[in-house]
Structures are given as C-alpha cells and as structure tokens.
1. Suppose R0 equals 22 Å. What FRET efficiency, 1/(1 + (r/R0)^6) with r the Cβ-Cβ distance, do residue 21 and residue 167 give to the nearest 0.05?
2. Output the Kirkwood hydrodynamic radius of the range 104-200, Cα pairs only, in Å rounded to one decimal.
3. Would you calculate the separation in nanometres between label points at residue 135 and residue 3, each defined as 7 Å from the Cα along the Cα-to-beta-carbon direction?
4. Taking Cα pairs under 8 Å and at least six residues apart, what relative contact order does the range 29-158 come out at, in percent?
5. For a quick check: with amide H placed at 1.01 Å from N, whose amide H comes under 5 Å from residue 32's, ignoring anything fewer than 5 positions away on the same chain?
6. If you line up the Cα atoms of the range 23-125 on their principal axes, what length do they span on each, largest first, in Å?
7. What FRET efficiency, computed as 1/(1 + (r/R0)^6) with R0 = 25 Å and r the Cβ-Cβ distance, is obtained for residue 188 and residue 106, rounded to the nearest 0.05?
8. Counting heavy atoms of the protein chains only and a 1.4 Å probe, report the per residue accessible area for the chain as a whole number of Å².
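The values are calculated or read from the model by the stated rules, or taken from the named source; none is laboratory data. Keep in mind the model is a prediction, meaning the values are calculated, not measured. Cβ placement follows ideal geometry from the backbone for every residue including glycine, while neighbour counts extend to all protein chains displayed. We work out accessible area using only protein heavy atoms, side chains counted, and drop any ligands, DNA or RNA first. Shrake-Rupley method; radii C 1.70, N 1.55, O 1.52, S 1.80 Å.
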Amino acid sequence: MTIWREKDLLILASQSRARQTLLANAGIPFKAVPADIDERALQTNSGLSSPGEIAGLLAREKAQFVSSKNPGRHVVGADQTLALGSRLFSKPAGRAQAADQLRLLAGHTHELHSAVAVARDGKIGFCDVSVAKMTMRRLSESEIENYLDQAGEAVTTSVGAYQLEGLGVHLFERIEGDHFTILGLPLLPLLAFLRGEGLLNV
C-alpha cells in the first residue's frame, strides 16, 4: 500500500528542486509539469501589492494553468515572494544585483510569503499562504564578496540571492517560521488538505 491513493500521480506545477524534494521526501509520487505563465505580467495586471496576495495569486494561476491541460488530475501550484517592508524582491539577474540585494537585506528582518494551491479541472479547491521571518546578520563587503564567490551561479536562482538549504544558511542569525515555508512549499497545510480529500493513506 502506498501513501497516495489515486491511480494517477499528483502533478506539481513547478521546476523547483526544493519543492520536488519536499514532496518526494514526504513519500508522495508526483510528476513535475512547469506552468508556462508570465508571472511578471500577471502580478502587474492584478494591481496587487501585498506580498501574500501576490504569492497566492501566482500559486493559483500555476495550478489552474497546468490543471486545465490535465483533466481529472490534482495539480499543486506554489509561489514565494520576498519582502523587506513594502519592497518586493525578484531573482537577481547577476552577481552585481545579488550583491545589491544582500546589502539591502543585511542586518534586517525580511518576510518570505509562501503560497500553495491545489486545482482540479481548472478549479481551485485549496489555497494557503504561510509566512516566515528571516533576520540576516550584518555583512561586510568582504563577507558579501566571499559568499558570492563560494555560492557561484546559484545566487541568481533564488530571490534574495540565497538558498537556506545550502550556503545561504551562513547569512542568518535568526529565523521564525517552518522549514517548508522557507523552501517555498507550505507542506503541512497541503498534506492536511490532501488527507481531508481522502487522497492519502496516512
């Protein structure tokens, strides 16, 4: 007997290795199908400014997009925003932007808003947004440069220029929030929803 009760695999509308690892470690068989949507355009056209609302919107849009092309399947969409006060951050385009982001975040507490949504046949059945507060320690210019040297190209793959599961952990002095939210997939509320739908055996 497996944990997943459906004959068809769960679909994860994400290319994120961290999210895929979280689902795999939870024993849920899935297929990754990235959502081909224009996130920037959706965010701009929505008129939303709240980091949590934006994350929720993008998670739902990803789930609905992939769900509409896979009838009868349960599709999980996820998204994450990083905010320092009212300022939203995007993935740095290169090393210079990564350094700029680290200078702004160093010595301050920023928030990660992670959203997860589940759709079936193009309709949203569940959405949750969780928040983690991340306090980055003060960093000197040499510490920033040394970190960027060690982390390499990975700094351009994550907003804030860090991956907490990797070298990014050295940047922080305090974290408030669960591991799953930080990695971009609020797993506990997702599992609770799947259990409530009778999709899990545990």
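1. 0.85
2. Kirkwood radius, the range 104-200: 15.1 Å.
3. Each label point lies 7 Å from its Cα, and together they span 3.3 nm.
4. About 27 percent, as a whole number.
5. Amide H to amide H, under 5 Å and 5 or more residues apart or across chains, residue 32 pairs with 12.
6. 47, 35, 23
7. Result of the calculation: an efficiency of 0.25.
8. Solvent-accessible surface per residue comes out at 50 Å².
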